[in-house]
Amino acid sequence: QSTWGYAATLLKQIANEFGRPESSVEPFISALEENWYDTKEALQGLSVETLRSFKIPERIIQRMLEILGGKTAMQVEPPRQQLVITPSISGHQHLPPAPAKKPESLIKHYVPLLRELKEQTISAQVLEDSISLMIVLIENILRDPSNEKFRKINLNNAKISASIGRFIAAVDLLRLVGFEVIEGGFLVLKPEADLEVLQEFDAVLLQGLERAKAAAQAFNPFQSSISSRGLNVAEFARNSGSDISQINDRLEALKQQRLVNSNTFVANSKRTS
């Protein structure tokens, strides 16, 4: 199931299995949906640590794993490494190095910035273009982490500037996952940047892209929110107490503005292609 609301369906099912009221899982449903983890695919990409960060009980997490199935990124962490003590020549004991600390999830920071990006881009299509380009840049790094060409983003590039550089929220998102701004208008991924953080960011962006595409498909640049089609202007004026000439002037102004927006939309599309 890939429709929105899968998280709610899954958690309510688990609550019923455990004989608990569905209201007991509402806080977990809200936390997942607020962070865009509301499809089966999104849940399968979550780590156990991320689920625990939402304060979901261990028993529910285990049941979620069973229902979602497969050895996904959500599987329970492997057993802790056993301590092995090896005597050295000097008689001292060598201890195995401590496992690297898992990076903290940044999900709580992604969502507000993505909302800001949506407000800054205004157009659903521009939002889609911005997220799509960030996905390409991040996935290039994940495929070839040592390639310096992929770790450096030129904000002066026309396409990158149009989709990322001119939006503060987009630049802040990249800085959040390990990029830094350097002289000359470049974003460079720090050497210590964690690839797991980039993987989580990529998953969040993919969810955001799916939403942006849905919004872009519903957006029609040639249609205003008010239309005179099928509207009896005289009846509308009478019922609203407005002047007919004022309504007609308003509709004509909207028509002209729609034409300007359409021309701008086409011009921008040609410029960035």
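The values are calculated or read from the model by the stated rules, or taken from the named source; none is laboratory data. Since this is a predicted model, take the numbers as computed values, not measurements. Cβ atoms come from the backbone with ideal geometry, glycine included; neighbour counts cover every protein chain shown. Side chains are part of the model used for accessible areas, which takes the heavy atoms of the whole protein and leaves out ligands, DNA and RNA. Shrake-Rupley method; radii C 1.70, N 1.55, O 1.52, S 1.80 Å.
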Q. Out of (1) closer than 16 Å to Ala212 by Cα; (2) modelled with pLDDT under 90, the odd one out for Gly185 is which?
A. (1)
(Q) Among the residues of segment 34-63, what is the count of those that are open to solvent by 70 Å² or more (accessible area, probe 1.4 Å) and either in a helix (DSSP H, G or I) or closer than 16 Å to Gln13 by Cβ (or both)? (A) 7
Q. Any idea how many residues of segment 1-25 are without any contact (Cβ under 8 Å) to a residue 12 or more places away in the chain and closer than 22 Å to Ser105 by Cα?
A. 0
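Okay, residues lined up against (1) closer than 24 Å to Ser105 by Cα; (2) open to solvent by less than 10 Å² (accessible area, probe 1.4 Å); (3) small (Gly, Ala, Ser); (4) not in a helix (DSSP H, G or I):
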residue	(1), (2), (3), (4)
Ile138	yes, yes, no, no
Asn147	no, no, no, yes
Lys159	no, no, no, no
Ser163	no, no, yes, no
Ala169	yes, yes, yes, no
Asp172	yes, no, no, no
Glu180	yes, no, no, yes
Gly184	no, no, yes, yes
Leu187	yes, yes, no, yes
(Q) Being touching a Lys or Arg at 6+ places or on another chain (Cβ under 7 Å), within 27 Å of Gly45 (Cβ to Cβ), in contact (Cβ under 8 Å) with a residue 40 or more places away in the chain and of a type in the set (A, V, I, L, M) narrows it down to one residue among Leu173, Leu127; which is it? (A) Leu127
